[in-house]
Amino acid sequence: MSDTRDGGAKSQASHPLTAAEPEAIEAIRLRHPWRTVFATVIVIIAALFIYDAAVNRPVYSWDVVGQYLFDVRVVSAIGYTLQLTVYSMIIAILLGVALAVMRLSPNPVVRAVAWVYLWVFRGTPVYVQLVFWGLVPVIYKTIDMGIPFTEAMVSFTTKDFLNYFVLAIIGLALNEAAYMAEIVRAGLLSVDKGQDEAAVALGLGWWHTMTRVILPQAMRVIIPPTGNEVISMLKTTSLVTAVPFTLELYTRTRDIAAVTYKPVPMLIVASIWYLVITSILMVGQYYLEKHFAKGAGDRPDVQKPTVETDTVLVVGKGDASGARYPTYPNAGGGETIVPPHDRPGGGGA
């Protein structure tokens with residue numbers, strides 16, 4: 001028995017407790033030659049297209065593009081386009097939140113009203129809706145206010161009260177609200193039900209629960225598609241000529257092209273400004289997403305030990321100096337259990 005222990009001690013002395021430092025792995029980067037070939041072909045095609053458009057296609061008339069890019073009429077049209085976008089989206093977001101809450105209401109009548117609204121405005125083309133809103137002054141010549149089935153107390157001429165600019169905003173906003181309602185509803189449903197229950201348990205009312213607990217968490221889901229809808233709204237403003245409102249960017253450049261007989265350069269002018277505004281909106285969307293995503297994917301730092309740690313000793317063996325590690329009795333009694341050590345994948349003597 002002593003020989004066995006002596007042999008184990010010698011083996012322990014011959015095998016140091018510290019493992020050898022592993023050699024660094026030399027990683028060889030996997031080559032993808034076809035990616036390089038494909039990228040080169042794309043760059044060559046793009047360069048040829050740009051050269052052809054700049055030199056061989058006089059129909060583009062780049063001098064006319066430069067002449068009208070900052071024209072007073074074009075800049076004024078950009079202002080109207082931005083106003084249509086901003087006003088319509090503000091109304092659409094507010095109305096969309098209200099419709100989303102109505103869709104989630106336990107009241108079946110309220111849910112039905114919201115569903116019918118979404119069914120109508122999502123099921124018909126926005127151009128058709130804008131044409132209808134343009135005909136409102138013809139269909140409803142006056143707006144009468146008073147007690148029903150009696151003579152009107154106040155009457156307004158619809159054409160004077162609702163001009164084409166206001167009608168364009170109404171048409172765009174009501175159509176967009178149907179899509180925003182579904183976006184907001186998806187965001188609200190993404191928040192765990194336990195958050196609502198915890199807020200109720202803390203004594204918060206519906207308004208405080210929605211504004212301080214649910215919506216701040218739902219914004220992480222709501223912001224990305226809302227940013228897409230804002231960009232889409234910017235381009236949808238080109239359809240308000242159906243109202244008809246003719247002072248926005250696309251219609252204004254089209255009117256200039258009808259006078260100069262240069263439709264292609266004026267389309268390029270409109271496209272450049274749409275791209276510039278869209279790029280600015282994309283940057284704003286990025287920072288909004290970054291703000292509302294704070295803490296969503298973060299992991300807590302690894303907890304540091306509060307006391308100094310040292311090497312953990314193996315149970316039942318001694319070190320090279322002869323010091324004994326703690327042992328514990330075997331279930332059968334008498335013998336001590338020595339855990340695996342000293343050799344890879346196996347136990348000691």
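The values are calculated or read from the model by the stated rules, or taken from the named source; none is laboratory data. In this text, all values refer to a predicted model and were calculated from it rather than measured experimentally. So basically every Cβ, Gly included, is an ideal-geometry build from the backbone, and we count neighbours across all protein chains shown.
Worth a mention:
- Restricting attention to region 135-167, the residues being assigned to a helix (DSSP H, G or I) and farther than 30 Å from V101 by Cα number 8.
- Verdict on E229 being modelled with pLDDT under 95, in contact with a Phe, Trp or Tyr (Cβ under 7 Å, 6 or more places away or on another chain) and in a helix (DSSP H, G or I): yes
- Verdict on A77 being more than 26 Å from the chain's Cα centre (by Cα), over 19 Å from T251 (Cβ atoms), among the small types (G, A, S) and at pLDDT 90 or above: no
- Of note, G187 satisfies the criterion of being touching a residue at least 12 places away in the same chain (Cβ under 8 Å) and assigned to a helix (DSSP H, G or I).
- Being within 15 Å of L94 (Cα to Cα), in contact with a Phe, Trp or Tyr (Cβ under 7 Å, 6 or more places away or on another chain) and surrounded by 14 or more Cβ atoms within 10 Å (Cβ to Cβ) holds for only one residue in I169, I222, and it is I169.
- Screening Q83, Q129 for residues that are touching a Phe, Trp or Tyr at 6+ places or on another chain (Cβ under 9 Å), surrounded by fewer than 18 Cβ atoms within 10 Å (Cβ to Cβ) and either of a type in the set (D, E) or not in a loop (DSSP other than H, G, I, E, B) (or both) leaves exactly one candidate, Q83.
- Residue list for region 101-126, filter: outside any helix (DSSP H, G or I) and either closer than 24 Å to T209 by Cα or of a type in the set (A, V, I, L, M) (or both): L104, S105, P106, N107
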